[in-house]
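The structure appears right after this line, and notes come after that.
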Amino acid sequence: VQLQASGGGLVQAGASLKLSCATSTRTFSTYTVGWFRQAPGKEREFVGAISRWSGGSTYYPDSVKGRFTISRDNAKNTVYLQMNSLKSEDTAVYYCAASTTAIIGRAVDEYTFWGQGTLVTVSS
């Protein structure tokens with residue numbers, strides 16, 4: 001599975017940004033999809049995930065809960081990360097990843113397939 005993350009850019013604090021994770025894989029609906037981010041000098045951090053099929057379940061860590069929302073459009077083989085009320089500490093390279101398991105994983109090693117990352121820079 002090849003994933004393509006896009007939508008990053010430079011925004012001011014308080015702004016919104018929507019990232020996309022697209023694939024040509026027709027069975028993308030069968031994958032649990034997670035989003036991670038990595039700031040310079042820091043470890044890759046989990047920012048949320050959505051369950052496979054209809055995406056009825058999502059999970060977010062406290063650091064982004066209430067600000068970030070993940071959704072999926074299986075007809076377009078795309079998962080989205082809507083980010084609102086962005087803060088300077090949200091600056092990072094954002095990655096999407098896919099897993100074949102039903103469980104919504106929060107660890108890097110629970111995901112098999114990774115996109116190339118898209119840079120989000122939030123200026124204060």
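What follows is calculated from the coordinates using simple rules that are stated; it is not laboratory data. The shown structure was predicted, so the numbers you read here are calculated from the model rather than taken from an experiment. We place every Cβ from the backbone using ideal geometry, glycine too, and count neighbours over all the protein chains shown.
Remarks
- Spread of Cα-to-Cα distances over 10 Å intervals beginning at zero, given as percent, for segment 71-124: 19, 45, 31, 5
- Selection of trypsin sites (Lys or Arg not before Pro), segment 35-124, meeting DSSP coil and at most 13 other Cβ within 10 Å: K42, K65
- Cβ charges +1 (Lys, Arg) and -1 (Asp, Glu), total dipole of segment 4-62, debye: 200
- For segment 1-27, the residues whose amide N sits under 20 Å from a probe point set 7 Å from the Cα of A75 along the beta carbon direction are 20-27.
- Whole-number percent relative contact order across segment 1-109, with pairs defined as alpha carbons under 8 Å at least 6 apart: 35
- Projecting label points 7 angstrom from Cα along Cα→Cβ for I103 and S24 puts them 3.3 nm apart.
- Whole-percent pair-distance distribution, where bins are 10 Å wide, for the alpha carbons of the chain: 15, 50, 30, 5, 0
- For segment 101-116, Karplus couplings with θ = phi - 60° (6.51, -1.76, 1.60), whole Hz, Gly/Pro x: 8, 7, 6, 7, x, 10, 9, 4, 6, 8, 10, 9, 10, 10, x, 7
- Evaluated at q = 0.17, 0.25 Å⁻¹, the base-10 log of the normalised Debye intensity for segment 1-62, with identical point scatterers placed on the Cα atoms, takes the values -0.75, -1.27.
- For segment 33-99, the alpha carbon convex hull comes to 86 Å³ per residue, rounded to a whole number.
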